[in-house]
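The values are calculated or read from the model by the stated rules, or taken from the named source; none is laboratory data. The structure presented is a predicted model; accordingly, all values stated were derived computationally and were not measured. Here the Cβ positions follow ideal geometry from the backbone for every residue, glycine too, while neighbour counts run over all protein chains shown.
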Amino acid sequence: MRIPAQGIGRDLLFRSLESYRRDDVHWRSGRLLSYIYDAGEEVEEVVKRAYMMYLSENCIDPVAFPSVLRLENELVAMLAAHMSGDHDVVGNFTSGGTESIILAVKAARDWARVHKPEISAPEIIVPVTAHAAFHKAASYLDVKLVPTAIVPGTYKADVASVERAITPNTILLVGSAVSYAHSVIDPIAALGRLAQQHRVLLHIDGCIGGFLLPYFRRLGQALPDFDFSVPGVTSISIDLHKYAFAAKGASVILYRNKEIRKYQVHTCSHWTGYALTSMTMQNSRSAGPLAAAWAVLRYIGDDGYLHIAKQLLEGTKRVIRGIERIPALRLLGQTEMNMVSFTSEQVSLFELIDAMKERGWYLQPQLAFEGSEESIHLSIGPNNCRHLDALLGDLEHCASALQEGPVNKSAVEPTEAAAVLERGRSQKLEAKRKLYVILNEMTPPQRERFLTDLMNDIYCQPSHAEATEAAETAEAAEAAEAAGPQDRIGLTDPLSAG
Ligand SMILES: *Cc1c(COP(=O)(O)O)cnc(C)c1O
């Protein structure tokens, strides 16, 4: 595929973009229960307007763009207060939870190089329920990740298991508030005591929970402390592109003080260009996500978020009651937020997901791993709340239909899973419908090898059909241009113009 010989007019260009997305999930339907955090059109409008105002401004240089620095400092201050931090708390705006987490691990690694110089092979202790981003951080930064167990049935980190895992090489402990898969808060106070006893850092992953948990507590939910009010907590990540309803590309990493945050910073003047100090991983980046995040917090405001949290709490309770009434389904643990996951001993969850898809629902599968059953995850957002009765009705219908069908819990033999591993690309893609069934039967290393190959294959040059479609658009544009002027780019010569 090539850059089109002539630029394409705007009409055709945007029509072709529209047509490209015809097969994407229709998230505005309210029937998607993950990936998109949507607080409705009014909020979306404000987010888009602020984003567009700052689309072209560059976060790279706070001297050239002082307003960008001001927005970031104000945003971080609002979140520091939200996390019970005092005036010493500092932080930065990042592109997402993963970047916030990678930075927290990097800060811990470089902090240990100075404060525990005897350590040559640093270790971070990470409960098996913690987000995959910690594994990514460990892999990118060459730090050893030591996994620890959960307390059976609660899906919360087992503090005794964390304590046993601590060695002289430990630099960082991790707790989630809440964990993504089960939506529960780890015993943060106990982890804080361990961290202080052993002089190590403690990161709280509040990526998905950090923002709304204070509101759930104000609504009367009995929730344990998880923020800077807990002694020993040294950093917290909070995503704004989840339950703060900012545009994607918005998270904040907070540190208890500058003494720790300084190990996050990277400065370089060992090259021939401008001197560069990076607070975060990216270099040039649009200030759009920052302005949008700042704007959405100030637009919705504390009372607005409390109101949203109340709606979500009521919705979640309804979903819990509904699922409890469906005999084939079993909830995993006790959610402490607005996400629930459930499993089944009686029907194949992956078939259930397919049956629900036929009815327009998009549910997220979670694989069995280390004390957690395979499950279906539901993130209940404001745009789902009007559809919960329909959701529960369809779940009940599909689960009982599957229950009456042939007993077919896994729908694929382990040997079939192994065989798929050895097949080529086309068969792997063919197997996509059954992908999760097959993955669930594999061991974690098999899953990783399989998915690496699959993704390495699907990010490739377009298929013949796709390339032809794109070429036809370009030809149509040329033909249209020949028939009369189109709204395509003007090619005036800048030197001769006006
Ligand atoms: C979403 C999430 C992350 C990772 O965040 P991204 O923004 O997707 O990079 C980390 N931890 C938890 C608990 C999350 O839910």
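Points worth noting:
- Residues located in the range 367-405, provided they are at pLDDT 95 or above and part of a strand (DSSP E or B): 375, 376, 377, 378, 379
- A Cβ distance below 6 Å, combined with a sequence gap of six or more or placement on separate chains, defines the contacts here; from the range 69-97, residues that are touching a residue at least 12 places away in the same chain (Cβ under 8 Å) reach residues that are hydroxyl-bearing (Ser, Thr, Tyr) and away from the ligand (no atom under 16 Å from the Cβ) in the pairs 84/229; 90/255.
- Every pair of residues 6+ apart whose Cβ atoms lie under 8 Å, when the first sits in the range 243-254 and is over 11 Å from residue 97 (Cβ atoms) and touching a residue at least 40 places away in the same chain (Cβ under 8 Å) while the second is in a loop (DSSP other than H, G, I, E, B) and of a type in the set (Asp, Glu): 245/38
- Checking each residue in the range 220-250 for being touching a Ser or Thr at 6+ places or on another chain (Cβ under 6 Å), within 11 Å of the ligand (Cβ to nearest atom) and farther than 19 Å from residue 309 by Cβ picks out 237, 249.
- Count - residues of the range 140-155 that are within 18 Å of residue 103 (Cα to Cα) and in contact with a helix residue (DSSP H, G or I) (Cβ under 8 Å, 6 or more places away or on another chain): 5
- Segments classed as strands (runs of 3 or more DSSP E), wholly inside the range 56-171, with at least 3 members that are within 16 Å of the ligand (Cβ to nearest atom): 90-94, 123-127
- Of the set (1) assigned to a helix (DSSP H, G or I); (2) touching an Asp or Glu at 6+ places or on another chain (Cβ under 9 Å); (3) away from the ligand (no atom under 16 Å from the Cβ); (4) at pLDDT 95 or above, all apply to residue 28 but (4).
- Residue satisfying condition, being assigned to a helix (DSSP H, G or I), surrounded by 11 or more Cβ atoms within 10 Å (Cβ to Cβ) and among the polar types (S, T, N, Q), within set 34, 16: 16
- Any hit, the range 318-334, residues being among the small types (Gly, Ala, Ser), in contact with a Gly (Cβ under 8 Å, 6 or more places away or on another chain) and closer than 16 Å to residue 129 by Cβ: yes
- Of the residues in the range 271-288, at least one is part of a helix (DSSP H, G or I) and more than 26 Å from residue 184 (Cβ to Cβ).
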